[in-house]
Amino acid sequence: MITSRKSLMLEMDQMRDELWQLVDSLAPDTEIYPGWNKRDFIAHIAGWEALVFEFFKYNAQGVPLKAYPYSNLSNLDEANSHFVAERQSSTLEGAKLECEISRYAIKRMMNDISDEDFDKKLMQFPWGNLTVAQFIRDAITHERDHAADIMKLRQI
């Protein structure tokens, strides 16, 4: 089933709002994942959002992606640890602001992609070539998975 740009982007925004509401409901020292408190979790999201911004920028400029550390981002545990460590001095609010700035920039770049190319033209990511629509679906799934993990925490 083909989903429209507008509905996909709306679903992406709604999923982010839902995730933030769940995270906001937790105490700052809650361990969301082993060794990750609330700030660390948001730092994880901030790290990926910053990278995604970079991927969209490279694709818009028509330049090849650079090689990334951690087996070109295929070693997710190492990449996530790096993102969190890189933002160790950031506050919870600072990490969340970084997420929001990157997400805004990504959405602006998505809006520059024609309707025709939105679900047809492949963009290069380290993990493969995807259309913007496929990327958004994956991003929604990623945040939905995190939301489910946080919901399980709240039930303990």
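Every read-out reported here was derived from the displayed coordinates using simple, explicitly stated rules and does not represent laboratory data. This structure is a prediction, so every number in the text was calculated from the model and none was measured. Virtual Cβ from ideal backbone geometry, glycine too; neighbours counted across all protein chains shown.
Tell me the net charge near Asp13. Cut-off is 13 Å between Cβ atoms, Asp13 excluded, with +1 for each Lys or Arg and -1 for each Asp or Glu.
Result for the local shell: 0.
For region 1-86, with the dipole built from +1 on Lys and Arg beta-carbon atoms and -1 on Asp and Glu ones, taken about the Cα centre, which of Tyr33, Met15, Tyr68 lies farthest toward the positive end?
The Cα lying farthest towards the positive end belongs to Tyr68.
Choose one of Ala148, Leu122, Val132: the residue whose Cα lies farthest towards the positive end of the charge dipole of region 97-156 (beta-carbon charges +1 Lys, Arg; -1 Asp, Glu; about the Cα centre).
Ala148
Using Cα positions and a limit of under 28 Å, work out the lysines in reach of Lys152, with same-chain residues fewer than 8 apart set aside.
In chain and number order, the partners are Lys38, Lys96.
Seen from all sides and averaged, what is the projected area of the convex hull of the Cα atoms in region 66-156, in nm²?
Its average projected convex-hull area is 7.6 nm².
Hey, which lysines would be in cross-link range of Lys66, C-alpha to C-alpha under 19 Å, not counting anything within fewer than 8 residues on its own chain?
Lys57
For Phe125, what residues show an amide H to amide H distance below 5 Å, using hydrogens built from the backbone and excluding near sequence neighbours?
When sequence neighbours closer than 5 places are left aside, the close amide H contacts are Leu130.
If the elastic network links every pair of Cα atoms under 10 Å, which of Ala27, Ala43, Ala139 fluctuates the most in the Gaussian network model of the chain?
Residue with maximal mean-square fluctuation among Ala27, Ala43, Ala139: Ala27.
Work out from phi, with θ = phi - 60° and the Karplus expression 6.51 cos²θ - 1.76 cosθ + 1.60, the ³J(HN,Hα) of each residue of region 137-152, listed in order in whole Hz, and give x for Gly and Pro.
4, 5, 5, 5, 4, 4, 6, 5, 5, 4, 4, 5, 4, 5, 4, 5
Taking the simple approach of a point 7 Å from Cα along Cα-to-Cβ for both Asn111 and Ser4, what is their distance in nm?
1.7
What is the list of residues in region 118-156 whose amide nitrogen lies under 16 Å from a point 7 angstrom out from the Cα of Ser25, following Cα to Cβ?
Within reach of a label on Ser25: 144-156.
Could you work out the Kirkwood radius for the chain, taking every pair of different alpha carbons, averaging 1/r and inverting it, reported in Å?
About 16.4 Å, per the Kirkwood formula over Cα pairs.
How large is the helix-only mean residue ellipticity at 222 nm for the chain, computed as the sum of -39500 (n - 2.57) over DSSP H runs with n ≥ 4, divided by its residue count, in deg cm²/dmol to the nearest 500?
Theoretical 222 nm ellipticity from helices: -23000 deg cm²/dmol.
Per residue of region 79-90, what does 6.51 cos²θ - 1.76 cosθ + 1.60 with θ = phi - 60° give for ³J(HN,Hα)? Whole Hz please, x for Gly and Pro, Karplus curve as stated.
Values per residue, Gly and Pro as x: 4, 4, 4, 5, 4, 5, 4, 4, 10, 4, 8, 6 Hz.
For helix 5-24, report the angle its Cα long axis makes with the longest principal axis of the Cα atoms of the chain; keep it between 0 and 90° and round to the nearest 10°.
In the chain, helix 5-24 runs at an angle near 10 degrees to the longest axis.
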